[in-house]
Amino acid sequence: MSVRRVGWWVLLLASLLPALGLTVLRLGAWEAGPAIRLVSFTPYAVVAYALALLLLLGAARRRRAVLVAALGVVAALGLHASWLAPLVTGPPAPGGAGQAAATERVVVMSSNLLMGRADTAQVVRAAVDADVDLLVLQEVTQRALAGLDRAGLDELLPHRIGFPVTGERPFADTVGTMVFAREPLGEPRPLGTVLQSWEVEAEGLVLLAVHPSAPTDPEGWVRDHALLREAARERGADLVVGDLNATLDHAPLRRLVDDGYRDAVEQSNGGWQPTWPANGLFAGLPGPLVQIDHVLAGPGLRAASARTVAVDGTDHRALLVEVLVEARRLGRS
């Protein structure tokens, strides 16, 4: 076998085998061990399948078996493309004068502060620039909260629930989840996740501000997502916002989609907007790889726009979303 032929096989297997593995994990809805983390990279199978297809088509004239394999790759490529297509091909957000009069915009922002290390002034500046109504923060520490208030958050969004957590035990600084709002908030209810998650009434809507366990703790991840789905269904939540430590390829988020929740980036045709890791955790890569930060809109709500914002000091990009809500649901005329 020639060196060129060996190189062809190496490239083919190096692209095809990982892609097939991601397809199997996605279809099997695996929720155990390292599989949870691997599923996050499902969108990249499109690139791998495309490379495999080019290699196969280059040799298809010589062997019928190669042509059959190429057709199989086309089918797999089409399947993955169908999973990604809603990010850019969904129906347009409502518009027009009649609809504008019947709706109000609620601007929602979510940001993980990476154990309080994020540049809090940048967080507040982004909230000011976007005229944010609801701000959901994860991994809030006492020091970070003090920095947020020094930057003017207490004046911009004077109402808050949740509390910062700072401690010596491992990862204690990841626990604190808080909600900040222009209007008074209802009585918060903890949701029982390992990291703080809350249910609270905000802007006339039932908000779940969430931060389930990371998939490095698979059992905790599965348990927390089950708790969040149960809370969303029982309380009829309107918004699920936060660092969900899961992508739309993970089974727990797909279950929420089945329940009627829509991811704001997908619903607004926002395209590919990964949020993590944004701080160079993987050397040599140009930016974030996966979207694990979300605003999920329940039935009767619609995301008009969604975009990410860079914040220094944290490994997450912040997420800014404009949500359209019927004015009567907010109690406004």
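Values as computed for the structure displayed
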item	result
Pairwise centroid distance, computed over Cα atoms, of region 110-177 with region 186-218, Å	15
Dmax and Rg, reported as Rg then Dmax, of region 198-270 (C-alpha, Å)	12.0, 35
Fluctuation leader among 237, 172, 144 - the chain, Gaussian network, Cα springs under 10 angstrom	172
Charge context of residue 251, other residues only, Cβ under 11 angstrom, K/R +1, D/E -1	+1
Rounded tilt (10° steps) of 3-28 against the dominant C-alpha axis of the chain	40
Extension gain from residue 326 to residue 189, taking 0.36 nm per residue of separation minus the Cα-Cα distance	46.8 nm
For region 228-236, Karplus couplings with θ = phi - 60° (6.51, -1.76, 1.60), whole Hz, Gly/Pro x	5, 5, 4, 5, 4, 6, 5, 8, x
Share of carbon and sulfur in the accessible heavy-atom surface of the chain [1.4 Å probe, %]	58
Gyration tensor (alpha-carbon) shape descriptor, the chain, a/c threshold 1.5	prolate
Counted charge near residue 237, where neighbours are those whose Cβ lies closer than 11 Å (Asp, Glu -1; Lys, Arg +1)	-3
Neighbourhood net charge (14 Å Cβ-Cβ; Lys/Arg +1, Asp/Glu -1) for residue 88	-2
Per-residue [θ]222 nm for the chain (sum of -39500 (n - 2.57) over DSSP H runs n ≥ 4, rounded to 500)	-12000 deg cm²/dmol
Area accessible to solvent at residue 185, 1.4 Å probe radius, in Å²	40
Surface per residue (accessible, 1.4 Å probe) for region 228-322, Å²	35
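The values are calculated or read from the model by the stated rules, or taken from the named source; none is laboratory data. Computed from a predicted structure; not experimentally measured. Here the Cβ is made from the backbone with ideal geometry for all residues, glycine too, and neighbour counts use every protein chain on show. All accessible areas refer to the heavy atoms of the entire protein, side chains included, with ligands and DNA or RNA removed. Shrake-Rupley method; radii C 1.70, N 1.55, O 1.52, S 1.80 Å.
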